[in-house]
Structure formats: structure tokens, C-alpha cells
1. How much mean residue ellipticity at 222 nm does the chain get from its helices, if each DSSP H run of length 4 or more adds -39500 (n - 2.57) and you divide by all residues, to the nearest 500 deg cm²/dmol?
2. Once the chain is represented by equal point scatterers at the alpha-carbon sites, with solvent omitted, what log10 I(q)/I(0) does the Debye formula produce at q = 0.13, 0.21, 0.27 Å⁻¹?
3. Report, to the nearest 10°, how far helix 43-69 tilts away from the longest principal axis of the Cα atoms in the chain, using its own Cα long axis and a range of 0 to 90°.
4. Using a Förster distance of 25 Å, how high is the FRET efficiency between LEU34 and ARG65, based on the Cβ-Cβ distance and rounded to 0.05?
5. On C-alpha positions alone, give me the angle between the axis of helix 6-34 and the longest principal axis of the chain, in degrees, nearest 10.
6. Would you mind telling me which residue in LEU50, LEU34, LEU26 has the biggest mean-square fluctuation in a Gaussian network model of the chain, where springs connect alpha carbons within a distance under 10 angstrom?
7. Scattering from the C-alpha atoms of the range 13-54 alone, worked out with Debye: what is log10 I(q)/I(0) at q = 0.32 1/Å?
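Read-outs: derived from the displayed coordinates by stated rules, not from any lab. Remember, predicted model here, so these are calculated numbers, not experimental data. Glycine gets a Cβ as well: all are built from the backbone with ideal geometry, and neighbour counts include every protein chain shown.
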Amino acid sequence: MAGPTTKKLLAEGVTDAIGFVAGGLLGYGLGRLLGWDIAASGAASLGGILLCGLGSGAGVQLARRWRARR
């Protein structure tokens, strides 16, 4: 039984990484627009961290869906 090729695995890793970073940056930017800086102290930083995490997760999921359609 043949497993996934190296090229397929590399493409999967790279697209997941790009989706993760892009989603995290979009979440960070949205947090900054809302005034929730992840580097600030207090409850506002938790909102920024939450948006970064949600953005990263959403970016990975979008990258996987895009890759599955190809």
C-alpha cells in the first residue's frame, strides 16, 4: 500500500502554515482595529489573543478546504 508522496506532504504542510500565519495576522489586525492589543495588559489583551487564535484556526481550515478542492 503506497502512502502519500513527499511532494503531497510538503504541499500540505506549506499550505497549512500559510493559512495559519495569514489567519493569525488577520485576527491580530482585527483585534488592533477593535482596540484589543495582544501586548496590552488587562482584559483587552485576552480578546486580542482570542482573535489571533481563532484567525489562525480559521486560516488552517480554509487552507485545507482550498487544498481539498484542487
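1. Helix-only estimate at 222 nm: -28500 deg cm²/dmol.
2. Values, matching the q order: -0.45, -0.79, -1.03.
3. Long axis of 43-69 versus the principal axis of the chain: about 20 degrees.
4. According to the calculation, E is roughly 0.40.
5. Around 10 degrees separate the two axes.
6. Checking each option, the largest mean-square fluctuation is seen for LEU34.
7. -0.96
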